[in-house]
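Enquirer: The structure follows.
The values are calculated or read from the model by the stated rules, or taken from the named source; none is laboratory data. Because the structure is a prediction, the values reported are computed rather than measured. Cβ coordinates were reconstructed from backbone atoms using ideal geometry, including for glycine residues, and neighbour counts include every protein chain displayed.
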There are 2 protein chains.
Amino acid sequence: MSEPLSKSQEHRSLLFAPLYLCHPEAMSRDEPNKAAAPTPAKVQTPRERARAQTIADIVRLGRKHLALHGAAGLSLRAVARELGVVSSAVYRYVESRDELLTLLLIEAYGDLGDAVDAAVATADERNHGGQFRYLGRAVREWAISEPARYALLFGSPVPGYQAPAERTMEPGTRVIRRLMGIFDAASRAGVLKEQGGPAVVVPPQLAADLKRIRAEFGLDIPDVFLANCALAWTSLFGAVSFEVFGQYGAGTFAAREELFDHHLEVLAGVAGLVE
Amino acid sequence: MSEPLSKSQEHRSLLFAPLYLCHPEAMSRDEPNKAAAPTPAKVQTPRERARAQTIADIVRLGRKHLALHGAAGLSLRAVARELGVVSSAVYRYVESRDELLTLLLIEAYGDLGDAVDAAVATADERNHGGQFRYLGRAVREWAISEPARYALLFGSPVPGYQAPAERTMEPGTRVIRRLMGIFDAASRAGVLKEQGGPAVVVPPQLAADLKRIRAEFGLDIPDVFLANCALAWTSLFGAVSFEVFGQYGAGTFAAREELFDHHLEVLAGVAGLVE
DNA sequence: TGAGTTACGAGAGCAGTGCTCTCGTAACCA
DNA sequence: TGGTTACGAGAGCACTGCTCTCGTAACTCA
């Protein structure tokens, strides 16, 4: 609960790096009780079904408490109370509070990824600018509707909690992979256009990073655009975080959606997606 | 410690809005014990001095624990232990855990503001682009060297904690006011240049917000540049947060400083600060 | 069908948290 | 010198994560 935090803090997950070859239609999303259990179905004994159901209930209540009290306020005892069971009983199903946090983290990544995928799918396949805007808006809307879960994914790391990379890597990289996919398609279609102004040169060490990323993800995006794709990525989440975490003042921006759309527009241009 | 969190979460502070007319040289920064007490000096009785010293010690230990265990792990009891005193004794000096958090918040805002001011001052007064870059780098460097304090300021809100606006407003807006000041000076000097590409139009509701901001802060920055100044602001903190909060993967970017500088360069261009 | 194994829930308990209240002492001030 | 005030200690309440034991109920397999 409170181990020392290294100078560079703890990493939530290794967001890039060896990407797992996609699982096809990630996480079945039947609301009240989904098989959050690791068992991949097959024949289930009544006991196994009851167990899966209980775990699903714990995750559901955990999600509720997370939304109400934030990650730091997520209490296994409270979940147990609401489940009508004594606190030690939930440890039969969930290894620890952190384990529950991991389940919620994975679920949240999945939900965000689903929302983004659904939004991008509404744009024409060749309308790369539109896909980018829909992606951005989907992130913003999901974040606003689920502030605590968004905070869990993109806010300050929970001290002493280290997300297991092998489980969070794939769902945690869905958005950035989608984003890169859009730019890659645009690049291959030859519609990425460098904007006016002085040509910004990418320094050699950064170019080496970009080259590695390109190889790792099989991309075909020139340095400048890939670097600016990263800028669009961080800027997108920067704008969303400012809004969700209340960094804009109370009455500063009334037209937050317009502000965000304007930023998206500029970012699209910077990254080469001009119509 | 765990009151329900409204849908839109709690705001850390009202970052814009009626700005307090600057206090001259905010927070004296003599390391081990500074007068964190609200009393503005004058003749101090021994008792008052001892009290101020104790409060300063509490804040100092609090800062240490905050850096080690994060905001959620800040424990008054631990501070009391290290102070060699029983836990209830610290309540003589600090109203509550949240009050200590507020003191640390204000102090951190002050430190960041000082770092930014010092960095900006190293650039020539007419070198607006340089000032912007120094500001950005100062934010990044402070954040990397003080991740937990940065997280307190710009990470997810601490659930159930509401920073008192009347105390955090002024220190909390120093960076954005500095940033706007740089752009304002550049604008008045007539060196803001719109970049190529299609002219982005600012929608009317957003224009109304910008007009209000301009009036409130006495700025002379045209709509497009002011809107992009906001973009530079959120993007700057987005990039820093991604790095500090570990959203970049482990081995994705080795040349993080180059990446950041590149982003700063692009943002400067977008906001009109082309050399 | 019966014996053995396993899963499970309850409860007690430990160490920690924020915070409140009381009480005795010591310092201060008039 | 006497009254006031500040202060530290300690007990206590309600909460947290987590562990361990124990009795029971459910399941498995010979």
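Enquirer: Within 9 Å of another protein chain (Cβ to nearest Cβ), charged (D, E, K, R), in contact with a Leu (Cβ under 6 Å, 6 or more places away or on another chain) and within 30 Å of A:Thr168 (Cβ to Cβ): does that describe B:Glu243?
Expert: no
Enquirer: Here's another thing I want to ask about it. Return yes when A:Phe183 is facing chain B (nearest Cβ under 9 Å) and either modelled with pLDDT of 95 or more or more than 20 Å from A:Ala268 (Cβ to Cβ) (or both) and no when it is not.
Expert: Against the criterion (facing chain B (nearest Cβ under 9 Å) and either modelled with pLDDT of 95 or more or more than 20 Å from A:Ala268 (Cβ to Cβ) (or both)), A:Phe183 does not qualify.
Enquirer: Could I ask something else about it? Scan (1) in contact with a helix residue (DSSP H, G or I) (Cβ under 8 Å, 6 or more places away or on another chain); (2) farther than 30 Å from B:Leu74 by Cβ; (3) of a type in the set (Lys, Arg) for the single condition A:Lys193 breaks and write down its number.
Expert: (1)
Enquirer: Take the range A:72-97 and flag every residue that is in a helix (DSSP H, G or I), within 29 Å of the chain's Cα centre (by Cα) and near DNA strand C (Cβ under 8 Å from one of its atoms).
Expert: A:Ala80, A:Val90
Enquirer: What residue, of A:Gly113, A:Gly129, is touching a Leu at 6+ places or on another chain (Cβ under 6 Å) and touching a residue at least 40 places away in the same chain (Cβ under 8 Å)?
Expert: Selected residue: A:Gly129, the only one of A:Gly113, A:Gly129 that is touching a Leu at 6+ places or on another chain (Cβ under 6 Å) and touching a residue at least 40 places away in the same chain (Cβ under 8 Å).
Enquirer: Continuing with the same structure: Counting only residues that are over 15 Å from A:Gln53 (Cα atoms) and among the small types (Gly, Ala, Ser), which one in the range A:77-109 is farthest from DNA strand D (Cβ to nearest atom)?
Expert: It comes out as A:Ala108.
Enquirer: A further question follows. Can you pull out the residues in the range A:201-233 that are outside any helix (DSSP H, G or I) and surrounded by 14 or more Cβ atoms within 10 Å (Cβ to Cβ)?
Expert: Answer for the range A:201-233, where residues must be outside any helix (DSSP H, G or I) and surrounded by 14 or more Cβ atoms within 10 Å (Cβ to Cβ): A:Val202, A:Pro203, A:Leu219, A:Ile221, A:Pro222.
Enquirer: Need the failing condition index for A:Glu257 against (1) assigned to a helix (DSSP H, G or I); (2) within 7 Å of chain B (Cβ to nearest Cβ); (3) farther than 23 Å from B:Phe260 by Cα, just the number.
Expert: (2)
Enquirer: Assuming B:Gly110 fulfils every condition listed in (1) away from DNA strand C (no atom under 13 Å from the Cβ); (2) out of contact with any helix residue (DSSP H, G or I) (no Cβ under 7 Å at 6 or more places or on another chain) apart from one, which condition is it?
Expert: Status for B:Gly110: all satisfied but (2).
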